Amino acid sequence: MKVPTRILLTCAAIGAAGGVLLVPVNLVSSVLAPTVPLAYAAIAGVYSLPFVLVLALLRRPGVALLAGLIAGIINAILTPQGPSAIITCLMVAFFLEIPFAIGLYRSWRAWIFYVGAGVFALVYALYSMLRAGGEAWPWWMQLGYPVLCVASNLAAVWLGRLIAARLEAAGLARGLRPARDGVTGAPSASSDAPAEAAPAD
């Protein structure tokens, strides 16, 4: 199936903007992760922001992966992470798409964004704690690290959906979403009504 050029350009624009946003985050994270883990966990949600935005705005399969590829390439060039930055961005985008793929991309309710991001953040937090020797941390750090990681990702979902709603209200999503979502289906940051109003296939 041919993908409209506007969708590709929108993914590229969001991916590029997300890539630029993540450059300083990657540089700071490389210092904070081994030295101040709780501070790193508090900003971890920034990695999810561009991909939540593109999913909420376009509501199409694969858009987060495409944006993730572009963001990763930018960071591979501009940060010491190199090619691993591409893997990181694609990993985050992939896990954020999973909940929607399970439902065949038919539902875009807010809770799916939050549950998907929250589960991913918790799994990543526990995995990264093990790699960082978190079993030797004091109890309050062992508790605080996953809590902050999940909270920062949930905050990123809220902000990403809010930005998408503002862009949709400005008419920037017109003609970009699948027909079943309609033209006026804004991803309201505080309500699931637009998604629920979409007719079932």
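In table form, for the structure just shown:
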quantity: Most fluctuating residue given options Y124, Y47, Y145, as computed from a GNM of the chain linking Cα atoms under 10 Å; calculated: Y124
quantity: Note, ³J(HN,Hα) from phi for the range 122-129, Karplus 6.51, -1.76, 1.60, rounded to Hz, x at Gly and Pro; calculated: 5, 4, 5, 4, 5, 5, 5, 5
quantity: Sites R6 and A169 - FRET efficiency at Förster radius 25 Å, r taken between beta-carbons, to 0.05; calculated: 0.90
quantity: Packing-based ranking, highest mean first, of 130-142, 7-19, 153-165, 72-84 given that Cβ atoms within 10 Å are counted; calculated: 153-165, 7-19, 72-84, 130-142
quantity: Positive-end residue of A67, I77, I43, charge dipole of the chain with Cβ unit charges; calculated: A67
quantity: Only Lys, Arg (+1) and Asp, Glu (-1) charged, at Cβ; the range 58-174 dipole about Cα centre in debye; calculated: 460
quantity: Approximate spin-label separation I102-Y127, in nm, with each point projected 7 Å along Cα-to-Cβ; calculated: 1.6
quantity: Inverse of mean 1/r across different Cα pairs in the range 5-192, Kirkwood, Å; calculated: 16.7
quantity: Label-point separation, Q142 to A39 (7 Å along Cα→Cβ), nm; calculated: 2.5
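All of the numbers you see were taken from the coordinates with simple rules; none came from a lab. Quick caveat, the model's predicted, so the values are computed rather than measured. Quick reminder, even Gly has a Cβ in these numbers, built from the backbone with ideal geometry, and neighbours come from all protein chains shown.
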